[in-house]
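Trainee: What follows is a structure written as structure tokens; I'll ask about it next.
The values are calculated or read from the model by the stated rules, or taken from the named source; none is laboratory data. Values in this document were obtained by computation on a predicted structure and should not be read as measured data. Only protein heavy atoms, including side chains, enter the accessible area calculation; ligands, DNA and RNA are left aside. Shrake-Rupley method; radii C 1.70, N 1.55, O 1.52, S 1.80 Å.
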Amino acid sequence: MDEYLKRLRLPTIREQVDAYLREANEQQITYEEFLFQLLSIEIAEREIKKKELARKKAQFPVHKDLLSFQFEEAPHVPKRRILDIFQGEYIQQKRNVIFIGNSGTGKSHLSIALGEEAINQGYTVKYYTAARLSNELMEAQDEKRLLQLEKQWLAADVTIIDELCEALHNSSYGKLIIM
């Protein structure tokens with residue numbers, strides 16, 4: 001059986017099948033329930049690994065979530081509106097979310113937390129700082145692979161560009177007009 005589980009690429013079942021067999025025998029679990037339990041743990045483990053990989057691909061600089069955001073320390077942040085945004089409807093509606101505010105007001109925290117929540121909902125996310133995105137675009141242009149970078153960028157369901165205002169403020173381009 002071990003060889004078949006290996007060939008079928010069922011590592012979690014393979015790892016835990018003996019313990020579940022003993023439990024099934026002791027508790028006289030039906031075949032159907034036994035199979036259901038094994039398949040459930042395999043799927044649950046795959047979902048965990050899928051989300052871990054999605055977080056790695058997103059390239060968040062740190063882990064942030066909505067639970068750790070201190071709304072009481074940021075009274076200017078509309079809690080009800082933020083909670084609505086975190087439901088994820090903006091993704092299905094293909095709408096943008098823009099956090100605007102002074103430095104230290106929680107924009108990065110909320111952006112990363114929003115990306116984490118999108119991953120929890122099954123979406124793909126890509127996180128950039130404006131400076132990193134700018135550098136990647138310039139490198140891609142120099143290496144004549146802008147289309148490749150654009151495909152990667154557009155492949156994500158959610159793209160987060162953080163520190164945009166800081167990048168514009170610190171730019172050497174003078175006044176920029178964004179249309």
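Trainee: What would the Debye formula give as log10 I(q)/I(0) at q = 0.15 Å⁻¹ for the alpha-carbon point model of the chain, no solvent?
Mentor: Treating every Cα as an identical point scatterer, log10 I(q)/I(0) equals -0.96.
Trainee: With all protein chains present and a 1.4 Å probe, how do Met1, Met138 order by accessible area, largest first?
Mentor: Sorted by accessible area, descending: Met1, Met138.
Trainee: What does the extension gain come out to for Gln27 and Lys49, with contour length at 0.36 nm per residue minus their alpha carbon separation?
Mentor: Full extension from Gln27 to Lys49 adds 4.9 nm.
Trainee: Using a 1.4 Å probe, how large is the accessible area of Val97, given in Å² and rounded to the nearest 10?
Mentor: Probe radius 1.4 Å; accessible area of Val97 about 50 Å².
Trainee: Report Rg/Rh for the range 72-139, rounded to two decimals, where Rg is the Cα radius of gyration and Rh the Kirkwood radius.
Mentor: Across the range 72-139, the Cα-based Rg/Rh ratio is 1.00.
Trainee: Per residue, how much accessible area does the range 36-89 show when a 1.4 Å probe rolls over the protein heavy atoms, in square angstrom?
Mentor: I get 76 Å² per residue for the range 36-89.
Trainee: Relative contact order for the chain: what is it in percent, counting Cα pairs under 8 Å that are at least 6 residues apart?
Mentor: Computed over the chain, the figure is 20 percent.
Trainee: Considering amide H positions built from the backbone, and no H for Pro or chain starts, which residues 5 or more places from Ile160, or on another chain, come under 5 Å of its amide H?
Mentor: Distant-sequence amide H within range of Ile160: Lys126, Tyr127, Tyr128.
Trainee: Which aspartates and glutamates, on any chain, are close to Lys51 with Cα under 12 Å apart, when same-chain ones fewer than 8 places away are left out?
Mentor: Glu116, Glu117
Trainee: Residue by residue through the range 99-116, which ³J(HN,Hα) values in whole Hz follow from phi under the Karplus form 6.51 cos²θ - 1.76 cosθ + 1.60 (θ = phi - 60°), with glycine and proline marked x?
Mentor: Computed from phi, the couplings for the range 99-116 are 9, 10, x, 5, 4, x, 9, x, 4, 5, 4, 5, 5, 5, 4, 5, x, 4 Hz.
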